[in-house]
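Worksheet for the structure shown next.
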């Protein structure tokens, strides 16, 4: 599984090739794969396709990496710029205007959806479609989080914030670029996680904690 998310009080898990699950209760998960191509080679062969044709069709299946939602809406995204919206129990593909690998989804209080990915890609839209926000970045935008009403974006080179339609670097107490692997916000604080440490920002001051068990991790 690529990502776990709590959405509107329910837990969802997103994996590749239609492995999208909703937790109903303890040890009880419901598969949500309608609208996604999840057929195997034997299913294609039974429909009259050759082995090579079946392999080609399987290689075209959606590889999903992330899930998020809110306000009664749920989205998934992944490789080749694929974005899907859950309508009822069926996933509907949404035009993303990119073929980049997508890695994270966030939704603001108004229901606007943001999707980030490789090559500095940042999308904004909804179930009707997405447009690209120019970032002038080429790195991998890995993770996002809303903090104090602003969208923060973590990349393999540091931390950014979306200011209107402009993506700007965020100054921190860390000197030089760093690999941001996860962002989260809770109870008035922004959490920034890197390979060997994490920082917490309360809107005014930064605090950094180094994990001694990770000091010898190779980047």
Starting from one equal scatterer on each C-alpha and no solvent at all, send me the Debye-based log10 I(q)/I(0) for region 108-183 at q = 0.11, 0.13 Å⁻¹, two decimals.
-0.26, -0.36
Just order 31-37, 184-190 by mean Cβ neighbour count inside 10 Å, highest at the front, would you?
31-37, 184-190
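For region 147-219, build the convex hull from the C-alpha positions and give me its volume per residue in Å³. Intermediate results must be reported in sequence, preceding the final value.
On the way: hull volume 6.5 nm³, N = 73.
Normalising the Cα hull of region 147-219 by residue number yields 89 Å³.
Please report Rg over Rh for the chain, where both radii come from the alpha carbon positions and Rh follows the Kirkwood definition.
Details: Rg = 18.9 Å, Rh = 18.7 Å.
Rounded to two decimals, Rg over Rh is 1.01.
Please work out how much length the chain gains when fully extended from residue 63 to residue 19, using 0.36 nm per residue of separation minus the C-alpha to C-alpha distance, in nm with one decimal. Don't jump to the answer; show the numbers that get you there.
Working: separation 44, 0.36 × 44 = 15.84 nm, distance 0.92 nm.
That works out to 14.9 nm of additional length.
What value, in deg cm²/dmol to 500, does the helix sum -39500 (n - 2.57) over DSSP H runs of n ≥ 4 give at 222 nm once divided by the residues of the chain? Please list the in-between numbers first.
Values: 2 runs with 15 residues, N = 219.
It lands at -2000 deg cm²/dmol.
Between residue 89 and residue 186, what FRET efficiency comes out of the Förster formula 1/(1 + (r/R0)^6) with R0 = 35 Å and r the beta carbon distance, rounded to 0.05? Show your work: numbers first, answer last.
Values: r = 31 Å, r/R0 = 0.88.
Rounded to the nearest 0.05, the efficiency is 0.70.
Could you sort 154-164, 19-29 so that the peptide with the highest average Cβ count within 10 Å comes first and the rest follow in order? Display every interim value, and only then the final one.
Numbers: 154-164: 18.1, 19-29: 12.8.
Final packing ranking: 154-164, 19-29.
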log₁₀ of I(q)/I(0) at q = 0.13, 0.16, 0.17, 0.21 Å⁻¹ - region 10-102, Debye sum with one point per alpha carbon:
-0.48, -0.70, -0.77, -1.04
Dividing the alpha-carbon radius of gyration of region 68-164 by 2.2 N^0.38 Å (N being the number of residues), what value is obtained?
1.00
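Which FRET efficiency value, to the nearest 0.05, is calculated for residue 124 and residue 46 with the Förster distance at 41 angstrom and r the Cβ-Cβ distance?
Values: r = 42 Å, r/R0 = 1.02.
For R0 = 41 Å, the calculated efficiency reads 0.45.
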To the nearest Å, what is the center-to-center distance of region 99-171 and region 1-49, using C-alpha atoms only?
26
Per q in 0.27 1/Å, what log10 I(q)/I(0) does a Debye calculation on the alpha-carbon atoms of region 83-122 return?
-1.04
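Values in this text are rule-based calculations from the coordinates and carry no lab data. Just so we're clear, the structure is a prediction, and the values are computed from it rather than from any experiment. Every residue, glycine as well, gets a Cβ built from its backbone with ideal geometry; the counts of neighbours run over all protein chains shown.
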